[in-house]
Amino acid sequence: MALTRRQRRAAFRGAQYLLLVAVLLTLAFTANWGELQRGFFDLDVAAEQFPDILSVALVNTVVYTVVGFAFGAVLGLVLALMRLSSVGPYRWIAAGYVELFRGLPALLVFIAFGFGVPIAFHIRFTTLSTVMLALGLVGAAYIAETLRSGIQAVPRGQVEAARSLGMSQARAMVSIVIPQAFRIVLPSLTNELILLVKDSSLVYLLGLTGAQYELAKFGRDAMNTNPTLTPVVVSGLCYLVITIPLSYLSRWLERRGNAPKKDSALEVQS
Amino acid sequence: MSVIEISGLHKAFGPLQVLRGIDLSVERGDVVCVIGPSGSGKSTLLRCVNLLEQPDSGTILVGGTELTDPDVDIDLARRKLGMVFQGFNLFSHLSVLDNLTIAQRKVLRRSGSEAVETARRNLAKVGLAGKESAVPSQLSGGQQQRAAIARALSMNPEVMLFDEPTSALDPELVGDVLGVMRQLADEGMTMIVVTHEMQFAREVADRVLFMDGGVVVEQGPAEQVIGDPQEERTRTFLARVLNPLK
């Protein structure tokens with residue numbers, strides 16, 4: 001006998017829940033819970049990580065990310081303006097830069113700046129400035145593209161209004177276009193910040209002293225003295241402490257940014 | 001003396017000849033309405049007057065300054081010309097008050113207090129006193145357009161250019177904007193208005209230009225061009241606009 005639509009829907013949902021329960025039960029019975037707890041979340045080992053994992057490693061991760069992002073944002077804005085320049089060579093240089101640094105693994109950039117550049121130019125960077133350069137150079141390529149799309153998304157009428165009030169092209173860019181572009185791309189910029197938080201783990205390539213350890217290196221180092229993955233699990237949780245609020249921030253910015261945008265659809269462009 | 005003197009103006013977008021030899025002179029205090037079918041080049045003409053469009057040939061004199069001369073500082077020349085757009089184009093990231101003060105401060109280098117005082121005076125004039133801290137998206141279309149007019153007035157222009165200022169408005173909001181424009185005209189402001197509002201043209205304009213196909217087909221006093229058009233094309237256009245159902 002044929003089932004009604006309502007019965008079919010209920011049966012289908014029931015089957016999905018049944019499958020989920022079956023998978024969870026299988027995992028629960030086949031896993032060795034004692035081994036898992038010792039291997040991944042040994043409470044004694046986890047407790048040993050504190051407070052250094054917060055006061056040293058988490059702080060360093062945040063500091064590395066912030067200096068990298070700050071440098072990347074400034075360089076990214078310069079590159080975005082270069083890509084929109086009327087001078088051909090500026091456009092080519094910026095386009096070449098974006099393709100190069102977006103295409104290379106951040107790992108290679110870190111090696112290049114940690115070892116290649118200092119040898120080639122006989123300069124010694126401090127660790128922090130190497131981090132700033134390497135993370136910033138990688139971040140700038142993404143930020144440049146994001147800002148360029150934001151600048152181009154500002155309606156042409158905004159520039160025309162600014163020019164008709166006697167503003168120069170540069171003044172219109174600084175006072176009208178860039179502030180609006182930033183608002184448009186703020187959610188994407190937050191996402192790029194999250195990517196940089198994770199890329200900051202590559203700093204270990206530079207060879208760090210204990211006080212310079214960031215989260216990933218800190219966790220791996222602690223693993224050497226404890227035959228358990230617990231330190232890495234704790235450091236992973238610390239990353240989430242940084243990135244999850246950021247992604248909520250990004251979503252909140254997106255919602256806030258969308259509200260006025262819907263209204264401005266009323267503006268009819270001729 | 002003419003405030004605006006245009007002669008032999010040509011403009012093409014690719015193969016499309018939009019303006020094919022326009023001559024126009026506007027005296028101080030004149031209100032000139034430009035009417036015509038869409039695609040006739042009337043908006044392009046207006047946008048050429050403050051060089052938002054670069055003409056291909058011809059001359060545009062504003063207050064004796066030749067705008068098309070590459071050595072002329074266009075930003076300086078544009079201060080004499082206030083522009084009001086069909087799409088309002090209020091700066092969406094700024095409050096109404098900041099919309100009115102930003103160019104006063106950055107372009108005219110007025111002090112903050114002077115800029116705010118001028119802005120408040122002009123907001124009151126267009127009936128928006130009390131809306132200083134609103135952002136554009138909180139205003140109705142009619143309010144946005146009146147704020148845009150106040151923004152242009154705050155620069156103390158010699159001439160106001162209106163590019164179909166009521167075409168994007170809901171019908172019941174058109175009257176407020178036209179009322180402000182009529183008041184400006186009564187105060188002696190020199191105005192060029194591209195519009196489809198025939199009644200406004202008839203009552204407020206000193207002179208009406210009918211454009212079609214990139215040329216001025218007919219011009220003269222409003223009563224004559226709208227009330228008793230001499231050219232066949234003008235008659236056809238007016239018949240369609242005034243009696244769309246016939």
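The values are calculated or read from the model by the stated rules, or taken from the named source; none is laboratory data. These figures come from a predicted structure and were not determined experimentally. Cβ coordinates were reconstructed from backbone atoms using ideal geometry, including for glycine residues, and neighbour counts include every protein chain displayed. Only protein heavy atoms, including side chains, enter the accessible area calculation; ligands, DNA and RNA are left aside. Shrake-Rupley method; radii C 1.70, N 1.55, O 1.52, S 1.80 Å.
A few comments on the model shown:
- The mean sequence separation of alpha-carbon pairs under 8 Å and at least six residues apart, normalised by the residue count of the stretch A:50-255, gives a relative contact order of 29 percent.
- Ordered from highest to lowest accessible area with the whole protein assembly present and a 1.4 Å probe, A:69, B:13 read as B:13, A:69.
- Full extension of the segment from residue B:182 to residue B:196, taken as 0.36 nm per residue of separation minus the current Cα-Cα distance, would add 3.5 nm.
- Cut-off 14 Å (backbone N to label point 7 Å along Cα→Cβ of residue A:50), residues of the stretch A:218-234: A:234
- Checking every one of the trypsin sites (Lys or Arg not before Pro) in the stretch A:91-139 against DSSP loop status and a limit of 10 other Cβ atoms within 10 Å picks out A:124.
- Per-residue [θ]222 nm for the protein assembly as shown (sum of -39500 (n - 2.57) over DSSP H runs n ≥ 4, rounded to 500): -17500 deg cm²/dmol
- Most positive-pole-ward Cα, B:143, A:237, A:165, against dipole of the protein assembly as shown from beta carbon charges: A:237
- Solvent-accessible heavy-atom area per residue, rounded to whole Å², over chain A at 1.4 Å: 58
- When the solvent-accessible area of the protein assembly as shown is split by element, carbon and sulfur atoms take up 59 percent of it, the probe being 1.4 Å.
- Filtered GluC sites (Glu not before Pro), the stretch B:5-113: DSSP coil and at most 11 other beta carbons within 10 Å: none
- A 1.4 Å probe over all protein chains sorts B:61, A:147 by accessible area into B:61, A:147, starting with the largest.
- Loop-located GluC sites (Glu not before Pro) in the stretch B:172-216, at most 16 other Cβ atoms within 10 Å (DSSP): B:187
- Using a Förster distance of 35 Å, the FRET efficiency for residue A:117-residue A:255 (Cβ separation, nearest 0.05): 0.25
- Cα lying deepest toward the dipole's positive end in the stretch A:50-255, options A:57, A:149, A:200, charges on Cβ: A:149
- Across chain B, the relative contact order, built from alpha-carbon pairs under 8 Å that are at least six residues apart, equals 26 percent.
- Across the protein assembly as shown, the volume of the C-alpha convex hull divided among the residues equals 264 Å³ per residue.
- For the stretch A:50-255, size of Cβ-based charge dipole, Lys and Arg +1, Asp and Glu -1, in debye: 540
- Based on alpha carbons, the Rg and Dmax found for the stretch A:51-132 are 15.8, 54 Å.
- Counting only DSSP beta bridges whose two residues both lie in the protein assembly as shown, roughly 55 percent are antiparallel.
- Long-range lysine pairs (8 or more apart or interchain), chain B, Cα under 30 Å: 10
- Each residue of the stretch B:118-133 was assigned a 3J(HN,Hα) from its phi angle through the Karplus expression (A = 6.51, B = -1.76, C = 1.60, θ = phi - 60°), giving 4, 4, 4, 4, 6, 5, 4, 4, 9, x, 10, 4, x, 9, 3, 8 Hz with x at Gly and Pro.
- Furthest towards positive pole of dipole, A:212, A:93, A:68, structure part the stretch A:50-255, Cβ charges: A:93
- Accessible area in the full protein assembly, largest first, 1.4 Å probe, for A:204, A:64, A:97: A:204, A:97, A:64
- Taking max minus min of the alpha-carbon positions on each principal axis, the stretch A:50-255 gives extents of 69, 45, 24 Å, largest first.
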